[in-house]
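The values are calculated or read from the model by the stated rules, or taken from the named source; none is laboratory data. Bear in mind the structure is a predicted one, so any value in this text is a computation, not a measurement. With ideal geometry, Cβ positions are generated from the backbone for all residues, glycine too; neighbour counts draw on all protein chains shown.
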Amino acid sequence: MKKRQWFALGIALMAMTAWMVPGEPAVLTNPPIASIGALEFADGKLLAGDSLGGAIYALEVSGSMGERGEFAAVNNLDVQIADMLGTTTAEIFIKDLAVDQASGAAYLSLMRGSGADAQPALIRVDPDGTVNHVPFDALQYTTLQLTDAPDSDPESRRNPRNSTITDIELVGDQVFIAGLSNEEFASVLRRAPWPFDESASATGLEIYHGAHGQFETHAPVYTFMPLELDGEQHVLAGYLCTPLVTFAIDELENSHQLRGKTIAELGFGNVPVDMLLVTQEGEDFVLLTNSRRGTMKIPVADIAEAHRNPSIEERVGPRTGVDYEGSPMGLVVQVDTYGDDAVMVLERNPENGTLTLSVRGSRWV
């Protein structure tokens with residue numbers, strides 16, 4: 001997910017923590033990816049999170065398709081992918097979507113199958129609608145190995161190892177990585193310099209979950225974005241079931257553990273999926289997609305106003321704090337920005353359940 005404020009945010013981050021660089025990682029071929037989930041582009045390289053392997057791979061995937069053209073909508077995408085991989089649509093679990101802004105190609109991470117036998121795969125959809133499987137063995141890569149991944153607990157309701165990496169964002173000259181760790185404050189936001197060297201640091205996160213009426217340190221951030229609020233750079237984070245929380249980036253950089261400010265409760269039984277910035281008629285909105293509550297549009301001005309208020313720190317109802325508007329988009333599975341004024345949308349057809357990948361102008365979301 002690409003955000004307009006990265007340039008200003010990058011200037012702020014350059015003045016922050018100095019990194020000790022022990023040396024750049026070697027460029028290798030055939031990444032040993034055990035699982036694939038969160039995706040993000042950085043300087044033409046595709047960052048892919050591997051929760052089971054406890055690593056992020058910077059994959060050399062782009063640069064060969066020329067100028068970006070108008071994107072041709074692709075219908076029955078899951079059917080095409082299943083046929084390509086020799087399986088059924090019931091065995092295709094799409095995890096994330098990332099657009100190469102230079103070429104306009106879309107990349108989809110997915111797991112084929114479930115449980116211990118699940119296999120990772122990467123799919124590319126070119127602007128002309130061509131769908132291709134991208135074999136890992138043909139890719140060059142560098143890697144960032146995480147040293148704080150949680151242990152696997154297959155018997156738990158949600159195996160923490162599967163949430164080692166829940167979202168990735170390039171923020172200025174750093175890669176921010178949300179997920180779970182093996183620390184006391186299990187929920188963390190890690191930071192690593194980009195391009196990768198061999199170092200990373202992490203801040204343990206604590207929030208007050210108003211719907212649960214308690215402080216929490218083991219619930220991971222599921223999606224996040226950088227956002228300027230009152231002239232200061234923040235991370236806006238979405239949690240399961242569904243608190244919306246802000247963290248000041250300068251405090252993240254200088255804290256081992258940090259409590260965020262809960263500015264909203266957006267509803268029970270829901271997982272936030274993607275978060276990005278859109279502009280409509282000169283007004284900025286955060287577009288938040290969800291597993292069960294549709295797509296929400298939240299005015300940035302309202303987020304800023306809620307952020308000026310004290311944090312929610314008492315039990316509240318399922319829709320408290322900053323409010324949202326509904327979006328006309330349908331059953332959205334994934335979104336990403338497409339250029340300056342459009343959004344790529346992966347959505348499910350309500351009639352036959354198949355997936356369509358298309359691009360629509362920001363004013364239509």
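Brief remarks on what is shown
- All positions within region 131-172 that are closer than 30 Å to GLN101 by Cα and in contact with a helix residue (DSSP H, G or I) (Cβ under 6 Å, 6 or more places away or on another chain): VAL131, HIS133, VAL171, GLY172
- Residue check for ASP323: touching a residue at least 12 places away in the same chain (Cβ under 8 Å) and not in a loop (DSSP other than H, G, I, E, B): no
- For region 113-125, filtering for residues that are out of contact with any His (no Cβ under 7 Å at 6 or more places or on another chain) and crowded, with 18+ Cβ neighbours inside 10 Å leaves 4.
- First in region 244-269 and farther than 19 Å from ILE303 by Cα, second anywhere and in a strand (DSSP E or B) and of a type in the set (Val, Ile, Thr), Cβ under 7 Å, 6 or more apart: LEU252/THR203; LEU252/VAL235; SER255/THR203; HIS256/THR203; GLN257/THR203; LEU258/THR203
- Test: ASP340 is under 30 Å from SER103 (Cβ atoms), assigned to a loop (DSSP other than H, G, I, E, B) and out of contact with any Ser or Thr (no Cβ under 8 Å at 6 or more places or on another chain): yes
- Residue within region 296-303 that is at pLDDT below 95 and either under 29 Å from TYR107 (Cβ atoms) or touching a strand residue (DSSP E or B) at 6+ places or on another chain (Cβ under 7 Å) (or both) present: no
- Residues satisfying the criterion are absent from region 150-157 (criterion: closer than 15 Å to ALA38 by Cα and in contact with a strand residue (DSSP E or B) (Cβ under 7 Å, 6 or more places away or on another chain)).
- Every pair of residues 6+ apart whose Cβ atoms lie under 8 Å, when the first sits in region 43-59 and is within 18 Å of ASP173 (Cα to Cα) while the second is of a type in the set (Lys, Arg) and part of a strand (DSSP E or B): ALA58/LYS45; LEU59/LYS45
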